[in-house]
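Engineer: Take a look at the following structure, please.
Please treat every number below as a calculation from the coordinates, not as lab data. This structure is a prediction, so every number in the text was calculated from the model and none was measured. Cβ atoms come from the backbone with ideal geometry, glycine included; neighbour counts cover every protein chain shown.
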Amino acid sequence: MADSFAKMATVTASTKRVPAIGEDGTRGVATTSIASLACTPLDPVDPELKETLRLETAHTVLETYVDGSIDIVIGDILVVGSTEYLIRAAEDWTYRSSKYLHLILEALKR
């Protein structure tokens, strides 16, 4: 991770992944996929980006950045503290020749 990005990635998070649908048509409970990772603080998404991505939701949509070599996919859950966020988009992002993932998140209401 580039030094400048490491200074910005001040939030510790983890991820969960929901298993595939089984032969009986049921899906298991999400389990920890990545135990600890650093990300930038979660910020509200610009309304124009939310519209561009066609994220029609009444929930707050947030964004963060993580190291690009981490295995995170759409549908994973980012956990920060005790709050879970559904990953709605995960796109490659290059900053100063380093690769990162730009994550778009939606707060999960339980």
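Engineer: Sorted by mean Cβ packing within 10 Å, highest first, what order do the peptides 3-12, 73-82 take? Spell out each step's value before the answer.
Structural biologist: On the way: 3-12: 12.8, 73-82: 14.7.
Put in order of decreasing packing, that is 73-82, 3-12.
Engineer: Quickly rank 33-45, 87-99 as a protection proxy: mean count of other C-beta atoms within 10 Å, highest first.
Structural biologist: Details: 33-45: 15.0, 87-99: 13.3.
Put in order of decreasing packing, that is 33-45, 87-99.
Engineer: To the nearest 0.05, how large is the calculated FRET efficiency for Val29 and Asp92 if R₀ is 25 Å and r is the Cβ-Cβ distance? Could the numbers behind the result be given before it?
Structural biologist: On the way: r = 29 Å, r/R0 = 1.17.
Once the sixth-power term is evaluated, E becomes 0.30.
Engineer: Could you calculate the FRET efficiency of Lys99 with Asp46 from 1/(1 + (r/R0)^6), where r is the beta carbon distance between them and R0 is 25 Å, rounded to 0.05?
Structural biologist: Numbers: r = 22 Å, r/R0 = 0.89.
Computed FRET efficiency for Lys99 and Asp46 comes out at 0.65.
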